[in-house]
Every structure is written in structure tokens, then in C-alpha cells.
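Written below as C-alpha cells is the structure these notes are about.
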Amino acid sequence: MAIKSLSKGKYKSPRGQIVARLLEGTLAGKEFVIGDTDFVRNIATERSERYTNEFAVKTLAYREVDQITAELTITAYQAGKIAKMVAHMSEAAASAQAALADQTIVYEDVDFTDEDTVLSIPARRVSNVVVSDGNAEIYIEGEHYTLTTNDFGKSFVSLIGKPEGAGPDVSIDYDRLASAADRYNFSSLSELMVELVFLENVKPTAGRTAETHVYHKVGLTVDGDYTLIGSDSAPRTVTIKGTIYPDTTKPQPLGYIEDGVAAAA
């Protein structure tokens, strides 16, 4: 007769969420959920061993752990703030653009024979765009140029023709609109230092308790490619490597895991 079996509540399914609290920089203390991820922890150990010479066959006498390396691998499927900071290895800094009317940029001696030529407007959001040769000849949108502008980034003028009698220069007048954005200064950080909390999610009917993992001090770095343009229609991913460092100010320097949390008298 078999001994008793464990309940179905002892099965664990890999579902949950990660919250990161920034430890350094201008956003220190802020907490952000990372979103849809795959999350794996790996522990590698190095050990010292001694086989005694006391017997005819050398026998293991002791084995001790000399080094532990604990690493986390996060595959982020959503472009949340933490994923973007790691992908660009930068803090997210606020970048403001004040409204400013009657701006002009002039491009001299524009080559109208090159169909690849575009002219950029050095502002994130613009309005009241007028294109001319800087004198009396006005370019007509749709006939001489197309305007690519939106609320998300820079604007561009694509030339498709030239008014008769227009000079060699192209002048673009515009009003700059107020805007704000998160700016990432590419590769300005070697690693992003965070506290990571993993919250396991379980079905209410599963009969399981949810684990909570707390890793006090983790250095996050980007690992591998970050595809900007490609033929794959799947969501862009960011692969993040996390090195767990000890925090000697805590009773459990590397972190802890809790399970079976229940009400107590």
C-alpha cells in the first residue's frame, strides 16, 4: 500500500509578476511593475573537495561551498519603464519642450534630384508648417512636399517637386508645441540597481499558497539583441540578466522566499 500523496496544492505553476524598486539615481525609491515576462533563477556553485588517502580507494572526506553565483534571467515582452531603462542602459529622465512660435530652419542648396532626401524639423511636435525657398516661392503640400508629423517624435518634410522659379534653398517655418517625454541617454549606466519582488499568482480554486520572492539588491543588464525593425510580428522582447548582490544591512543578505502565508491568531 502506498504512503499518502501530497495535495494538488503542492504543484507550482510558473505564473506571476515582478515589481522592481530602484535603488539609485534620481528615481531611487520608485517602484514599477515589469509586466508580461518569463522569469528564471539560476544558482551556480563552486566547491572545494578533499579525498582522503587513508584507504585503499581514495574516499571523499569533505566538500565545501566556496562560491555561490545567483543570477536571474527576465525576458520582458512589454516595454515598461524598467525594460526600457535596461534595454537602453539609462535612467528615464524627463525631457520638456516649451512652446515656441515662429521658428525657422533653412536647408541650403538642396539636391532635388535625390529621391531619398528628407528634411527634418528639429522639434517633437509642430504646427503651422510652411515650406518655401525663403523668398516668395511657397511650396504646396501634396504637390511639392509631404509632411510627416505626429505627437510622438520628430517631423520630416519629404520633397516631391519644386515650384517653378524657386531658389536652391528650402526654408521651413513652424510653431513648436509644448511637449514632455521620457529620455534615455543610451549606455549611460553600467547596470540598473534594483530590489526585485516576485509575486506568484495562483488560481483561487487551485488550493495553493502563493510564493513571494524578495531579492534585496540586483544589478540588471541587457543581454543580447534588441530588435528595432524585423519581419517578426511578435512583440519586441528585452532579455535582462540580473546579478544578485548581498545587502549586508539585511538579516538575509541575498534575499528570502516566503510561502504558506496564512492568518495567525
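Structure data summary
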quantity	calculated
Contact order relative to length of the range 1-103, as percent, for alpha carbon pairs under 8 angstrom and 6 or more apart	23 percent
Dimensionless Rg/Rh of the range 99-177 - Kirkwood Rh, Rg from C-alpha atoms	0.94
Enclosed volume per residue, in Å³, of the convex hull spanned by Cα atoms of the chain	304 Å³
Extension reserve of the LYS10-LEU228 stretch, reckoned as 0.36 nm per residue once the Cα distance is removed	74.3 nm
Simple label model, 7 Å out from Cα along Cβ direction - SER120 to ALA180, nm	2.5 nm
Extension reserve of the GLU24-ILE160 stretch, reckoned as 0.36 nm per residue once the Cα distance is removed	44.0 nm
Highest-MSF residue in the chain out of GLY80, GLY207, GLY35 [GNM, Cα springs under 10 Å]	GLY207
Calculated [θ] (222 nm, deg cm²/dmol) that DSSP helices of n ≥ 4 give over the chain, each run adding -39,500 (n - 2.57)	-1000 deg cm²/dmol
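No lab work stands behind these numbers, since they all come straight from the coordinates. Because the structure is a prediction, the values reported are computed rather than measured. With ideal geometry, Cβ positions are generated from the backbone for all residues, glycine too; neighbour counts draw on all protein chains shown.
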